[in-house]
Amino acid sequence: MKVRPAAARSSVILAAALFPRDGVQPDMNNADLIVAMLKAAGIERGFGIPSGNVLPLMEAMRKGGVEFVLTAHEGSAGFAADVTGRMTDRPGLCIATLGPGATNLATGVGNAWLDRSPMIAITCNLNTDQLGRRIQMWIDHHALFKPITKATLRLEPGRIAETVAQAIRLAMAEPRGPVHLDLPEDVALAPASESMTELPPPSKVPAAPDAVIAEAGELLAKAKRPIAVLGSSAMRIGHPELLRAVIERHNLPFATTTMAKGLIDEDHPLCIGVIERSCRQVQRKMLRSADLIVGLGYDTIEVEYEAWIADVPLLQVDIERVDVAPSVAVALEVTGDIDDSLARLAALPSCSNDWTTQELDQHRARFQAALRPASSTFTAHAAIDAVRRALPREGLLSFDVGAHTHQIASQWTAHAPKSFHITNGWSSMGFGLPGAIAAKLARPDLPVICMLGDGCFQMTVGEVAVAKRLGLSLPVVVLDDRWLSLIKVKQMRRQYPFYGTELQEEEYTAPPQHYFGVPAVEVRNPEELEAAVRKALAASGPTVIEAVVDSDHYIDTVFD
Ligand SMILES: Cc1ncc(C[n+]2csc(CCOP(=O)(O)OP(=O)(O)O)c2C)c(N)n1
Ligand SMILES: [Mg+2]
């Protein structure tokens with residue numbers, strides 16, 4: 001591995017990140033000062049693509065010990081920064097040049113905006129006196145980033161340290177998200193005229209009132225068939241074990257959204273699986289048999305409540321008020337710091353209900369069977385199971401957006417927080433491979449796999465060269481089904497003819513021997529796939545494994 005070991009993984013890093021009051025060397029320029037402040041906040045690397053305008057910042061990174069990771073596309077740099085933010089509990093960093101660099105980067109920045117990951121996105125611009133003129137590549141970055149960031153700030157001489165400190169604090173404040181900084185080249189190169197600034201800890205969401213917690217307890221006590229649904233806000237809590245404490249205290253069967261998988265080990269006997277993915281009707285029927293839905297950190301960005309809740313009353317526990325259609329029966333909202341709310345819910349007298357172990361076991365078995373229609377061919381669902389078998393329990397998966405997402409989300413058993421990486425708010429193709437690279441950089445000690453559809457692979461294939469350059473052991477499993485299958489399924493459901501969704505007309509033959517020097521192998525059955533993944537996990541670099549699958553069963557399982 002050519003990567004530096006990850007730093008201590010504490011969620012209180014920012015609180016502890018006290019900058020020296022006078023950490024500015026006499027020969028420091030503003031780019032050096034920016035890097036010194038990012039480093040003091042615990043940021044170890046940034047992803048991006050350079051231009052001449054970026055070079056002063058990159059040079060400062062080289063000297064200042066913040067690694068610059070060259071990606072194949074700025075969108076990937078954004079996705080990688082997003083996953084770094086999720087994994088490390090400090091802002092992920094991404095960097096791009098002006099104009100087209102900035103617009104490419106925006107795809108990854110949008111991911112952090114809707115999926116709520118802490119991020120600092122820096123664009124390196126022309127000299128100050130050129131801004132706003134008709135000059136090659138220039139556009140208004142602040143207008144571009146305004147709708148997809150918490151703030152878009154200018155880095156100005158004399159205000160560099162306070163602006164970076166403000167950006168970090170804002171990115172880390174709940175709800176977390178991206179902050180954009182624009183750095184004109186002359187500002188980067190000018191001598192630093194300030195001291196470093198002390199960074200106060202991020203603001204905390206106020207606790208929910210006692211009376212509301214008590215009322216929530218009454219609702220739980222009354223319910224005979226409550227079901228909890230964990231969502232993506234819960235991914236950012238400081239103590240995920242509190243989720244389990246609440247679930248077990250009140251004997252609550254629990255489902256999750258796609259992004260919340262693994263927050264409680266899905267082997268738990270109260271786990272009923274993921275909602276709104278493959279075979280969602282099986283899950284909807286179960287959810288609608290409840291007499292109370294308890295949303296724990298449920299963020300409607302993944303899926304609106306009204307899509308599945310029908311008339312079951314909702315008890316929502318989150319950091320902010322819920323966004324629902326008028327049809328949703330909101331019984332109570334517990335709005336406040338989630339760790340705090342969970343701790344207090346877990347301390348209430350234990351509630352009992354009518355669920356039986358047998359009923360939950362039967363449900364899980366029915367759901368898992370429905371996801372795997374019988375077939376004599378090498379199905380996508382068999383490929384996903386083979387990958388799960390090959391990845392050790394503690395391993396991490398990063399995957400992509402397509403019909404395979406629905407199938408993976410429903411089939412996969414996630415065992416731990418931060419082990420299952422996907423975008424479901426932004427839902428952008430192209431997330432999987434840069435996400436896997438970032439996950440492996442953040443946790444080089446753990447096995448990581450990337451799984452993605454052939455359409456997503458075509459979009460981001462250049463990133464395998466990045467994994468190779470970094471010396472990352474990374475199996476990249478491509479589900480070769482020759483279609484943008486998710487859109488093909490939608491065409492079928494709407495009775496449109498197939499048009500513009502076929503990736504390749506003829507059957508896949510053997511892949512090329514390598515992509516940019518990364519070895520490629522072909523597999524045609526689950527046994528070959530499992531063996532290839534195990535071998536790739538033991539390799540010192542990435543391996544592309546092309547699983548030639550028959551995904552016809554998606555029409556039975558996806559968007560049912
Ligand atoms: C950037 C972006 N463009 C388009 C889409 C719409 N879209 C969602 S899934 C998908 C097809 C993905 O194809 P593939 O990677 O082969 O996965 P499959 O559906 O075949 O499993 C498309 C085009 C999207 N989500 N993101
Ligand atoms: Mg496909």
Counted residues in the stretch 443-466 being outside any strand (DSSP E or B) and either aliphatic (A, V, I, L, M) or within 12 Å of ligand 1 (Cβ to nearest atom) (or both) come to 12
Please tell me if residue 128 is closer than 20 Å to residue 302 by Cβ and at pLDDT 95 or above.
no
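Could you identify the single residue in 506, 502 that is more than 10 Å from ligand 1 (Cβ to nearest atom), free of Cβ contacts under 8 Å to residues at least 12 places away in the same chain and charged (D, E, K, R)?
Numbers: 502 fails: free of Cβ contacts under 8 Å to residues at least 12 places away in the same chain.
So the residue among 506, 502 that is more than 10 Å from ligand 1 (Cβ to nearest atom), free of Cβ contacts under 8 Å to residues at least 12 places away in the same chain and charged (D, E, K, R) is 506.
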Restricting attention to the stretch 412-442, which residues are within 16 Å of ligand 1 (Cβ to nearest atom), in a helix (DSSP H, G or I) and hydrophobic (A, V, I, L, M, F, W, C)?
433, 436
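Which ones in the stretch 70-87 are among the hydrophobic types (A, V, I, L, M, F, W, C) and surrounded by fewer than 24 Cβ atoms within 10 Å (Cβ to Cβ)? Even if it seems obvious, please write down each step before you answer.
Of the residues in the stretch 70-87, the ones among the hydrophobic types (A, V, I, L, M, F, W, C) are 70, 72, 77, 79-81, 83, 87.
70, 72, 87, listed by residue number.
Looking at the stretch 178-193 only, could you name the residues that are of a type in the set (Asp, Glu) and assigned to a strand (DSSP E or B)?
Of all residues in the stretch 178-193, those of a type in the set (Asp, Glu) come to 182, 185-186.
Within the stretch 178-193, 182 is the sole residue that qualifies.
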Flag if residue 506 is within 16 Å of ligand 2 (Cβ to nearest atom) and crowded, with 22+ Cβ neighbours inside 10 Å:
no
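Being assigned to a strand (DSSP E or B) and either among the aromatic types (Phe, Trp, Tyr) or within 15 Å of residue 305 (Cα to Cα) (or both) is the filter here, so list the residues in the stretch 227-285 that pass it. Explain how you work it out, then say what you get.
As a first pass, look at the stretch 227-285 and keep what is assigned to a strand (DSSP E or B): 227-230, 254-256, 271-274.
Of everything in the stretch 227-285, those that are assigned to a strand (DSSP E or B) and either among the aromatic types (Phe, Trp, Tyr) or within 15 Å of residue 305 (Cα to Cα) (or both) turn out to be 227, 228, 229, 230, 254, 255, 256, 274.
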Which members of the stretch 92-138 meet the condition of being exposed (fewer than 15 other Cβ atoms within 10 Å of the Cβ), closer than 16 Å to residue 183 by Cα and among the aliphatic types (A, V, I, L, M)?
137
Can you tell me which of (1) more than 16 Å from ligand 2 (Cβ to nearest atom); (2) among the acidic types (Asp, Glu); (3) over 23 Å from residue 49 (Cα atoms) is the one residue 463 doesn't meet?
(3)
So residue 473 clears everything in (1) more than 9 Å from ligand 1 (Cβ to nearest atom); (2) hydroxyl-bearing (Ser, Thr, Tyr); (3) crowded, with 24+ Cβ neighbours inside 10 Å except one condition, right? Which one?
(3)
Residue that is nearest to ligand 2 (Cβ to nearest atom) [pool: residues in the stretch 467-483 that are under 22 Å from the mean Cα position of the chain (by Cα) and not in a loop (DSSP other than H, G, I, E, B)]
479
Among the residues of the stretch 507-545, write down those that are part of a strand (DSSP E or B) and touching a helix residue (DSSP H, G or I) at 6+ places or on another chain (Cβ under 8 Å).
515, 518, 521, 523, 542, 543, 544, 545
What is the number of the single condition among (1) farther than 30 Å from residue 489 by Cα; (2) touching a His at 6+ places or on another chain (Cβ under 6 Å) that residue 321 does not meet?
(2)
Please go through the stretch 437-466 and pick out each residue that is among the small types (Gly, Ala, Ser), more than 17 Å from residue 89 (Cα to Cα) and touching a His at 6+ places or on another chain (Cβ under 9 Å).
453, 462
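The values are calculated or read from the model by the stated rules, or taken from the named source; none is laboratory data. Keep in mind it's a predicted model, so treat the numbers as computed, not measured. Glycine also receives a Cβ, built like all others from the backbone with ideal geometry; neighbour counts cover every protein chain displayed.
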